[in-house]
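One structure is given below, encoded as structure tokens.
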Amino acid sequence: MKRLTSVIVILFAVCANAKDLPKVVILATGGTIAGSAPTEVQAGYQSGQVGVDILINAVPQLKEIADVRGEQISNIGSQNMSDEIWLKLAKRINELLGQDDVDGIVITHGTDTMEETAYFLTLVTKSKKPVVLTCSMRPSTALSADGPLNIFNAVAVAGNKDSEGRGVMVVANDRIHSAREVVKTSTTAVETFMSPLVGSLGTVNYGVVNYVDLPHKKNTYESEFSVDGLTSLPRVDIIAIYEDAPGDLIKAAVDLGAKGIVTSGLGNGNLTDACIEALQYARSKGVVVVRASRVLTGFVGRNVELDDDKLGFVASYELIPSKARVLLRLALLKTSDPTSVQEYFATY
Ligand code: ASP
């Protein structure tokens with residue numbers, strides 16, 4: 001009888017504990033975190049080989065910090081991330097965030113396009129509940145794979161009450177970044193994700209979360225962008241500007257149906273004369289032009305070395321070309337007026 005009572009007490013404690021743990025859903029999309037290589041010490045590997053259950057089971061410690069379940073959204077290298085997967089992912093996140101039995105979401109993703117996916121999601125997901133992307137630089141089979149601790153930390157962030165209302169975040173290598181600010185800065189280093197302009201939102205060390213900042217611009221529950229009923233996004237091309245860059249690639253993009261062009265410009269978003277002329281052609285066809293910079297940090301201002309007012313161009317302000325493209329695509333769903341698009345760049 002005494003034994004039975006102890007078993008009941010233990011069972012009760014386990015159940016109560018499970019009930020108290022935050023409920024986190026892991027949505028897997030692929031990437032190196034789900035990659036595998038034939039040996040533990042080689043650079044060559046294939047992304048997106050391992051399913052979500054294997055990722056979760058590789059980190060049994062998750063059970064101590066959250067009630068976790070997984071769903072497979074895709075299993076690709078993020079160099080092949082697509083609008084179709086973005087829309088599927090964003091719609092599923094919004095569905096899950098609307099459920100009482102979901103407290104937070106973790107998305108496992110490749111590092112190559114994670115900064116774009118994160119920014120897209122922070123503009124179109126609609127909740128204060130935490131949404132956290134994570135990744136790895138080393139495949140799951142590598143010596144000192146970084147994926148398991150990143151997943152553990154991401155789940156800790158997604159299940160933390162302080163994470164609410166901080167927009168979509170990226171957790172990698174003990175840092176918590178805001179989706180808008182984070183950039184991949186190294187092709188190979190584990191310490192690749194940085195927020196060069198404003199710094200990270202905080203740190204997470206073996207699951208211990210410490211915030212020092214909030215996102216600086218509107219996001220998630222405050223955002224006016226939505227994927228409801230959306231089946232496609234307008235075409236926006238990024239054109240690289242360099243010494244003696246000609247304008248014909250810009251004209252080709254326009255003729256191929258681009259609705260917007262983002263320039264990865266020089267310095268403060270500067271352009272060669274040939275490119276300015278081609279961009280005037282783009283404007284004459286109603287294409288919205290956003291000047292960004294190939295320089296990793298800084299501010300692209302209006303009317304600095306060229307007359308944006310006269311040319312009808314938009315300045316990207318703090319957004320790097322890949323993120324400027326994301327915002328322009330969503331803005332184009334609402335307007336093609338450069339003044340209104342410029343307003344979006346000030347707000348988001
Ligand atoms: N190519 C991989 C990807 O983005 C790289 C990575 O995940 O680190 O999916």
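One table, with the values for the structure above:
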quantity: Residue ranges of helices (runs of 4 or more DSSP H) in the range 68-171 with at least 1 members over 29 Å from residue 43 (Cβ atoms) and without any contact (Cβ under 8 Å) to a residue 12 or more places away in the chain; calculated: 83-97
quantity: Conditions (1) more than 16 Å from the ligand (Cβ to nearest atom); (2) modelled with pLDDT of 95 or more; (3) of a type outside the set (A, V, I, L, M): number failed by residue 31; calculated: (1)
quantity: The range 307-348, residues that are part of a loop (DSSP other than H, G, I, E, B) and of a type in the set (Lys, Arg); calculated: 334
quantity: Unique residue being at pLDDT 95 or above and either under 25 Å from residue 266 (Cβ atoms) or of a type in the set (D, E, K, R) (or both) when the list is 158, 189, 252; calculated: 252
quantity: Some residue of the range 165-172 being basic (Lys, Arg) and within 16 Å of the ligand (Cβ to nearest atom); calculated: no
quantity: Residues (surrounded by 14 or more Cβ atoms within 10 Å (Cβ to Cβ) and of a type in the set (Gly, Ala, Ser)) located in the range 290-348; calculated: 292, 293, 298, 301, 312, 315, 316, 322, 324, 331, 336
quantity: Selection count, the range 267-297, where residues are in a loop (DSSP other than H, G, I, E, B), at pLDDT 95 or above and not charged (D, E, K, R); calculated: 8
quantity: When residues of the range 107-147 are limited to those that are within 16 Å of the ligand (Cβ to nearest atom) and in contact with a Pro (Cβ under 9 Å, 6 or more places away or on another chain), the one farthest from residue 334 (Cα to Cα); calculated: 141
quantity: Condition broken by residue 89, with the remaining ones in (1) buried (at least 18 other Cβ atoms within 10 Å of the Cβ); (2) under 15 Å from the mean Cα position of the chain (by Cα); (3) aliphatic (A, V, I, L, M); (4) more than 16 Å from the ligand (Cβ to nearest atom) satisfied; calculated: (4)
quantity: Extreme residue, surrounded by the most Cβ atoms within 10 Å (Cβ to Cβ), among residues of the range 209-256 that are among the acidic types (Asp, Glu) and assigned to a helix (DSSP H, G or I); calculated: 222
quantity: Given (1) modelled with pLDDT under 95; (2) more than 27 Å from residue 182 (Cα to Cα), number of the condition residue 306 does not satisfy; calculated: (1)
quantity: Residue under evaluation residue 264, criteria (1) buried (at least 19 other Cβ atoms within 10 Å of the Cβ); (2) touching a residue at least 40 places away in the same chain (Cβ under 8 Å); (3) in contact with a Lys or Arg (Cβ under 8 Å, 6 or more places away or on another chain); (4) within 26 Å of residue 224 (Cβ to Cβ), criterion not met; calculated: (4)
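The values are calculated or read from the model by the stated rules, or taken from the named source; none is laboratory data. All values reported here derive from a predicted model rather than from experimental measurement. Using ideal geometry, Cβ is built from the backbone for each residue, glycine included, and neighbour counts are taken over all protein chains shown.
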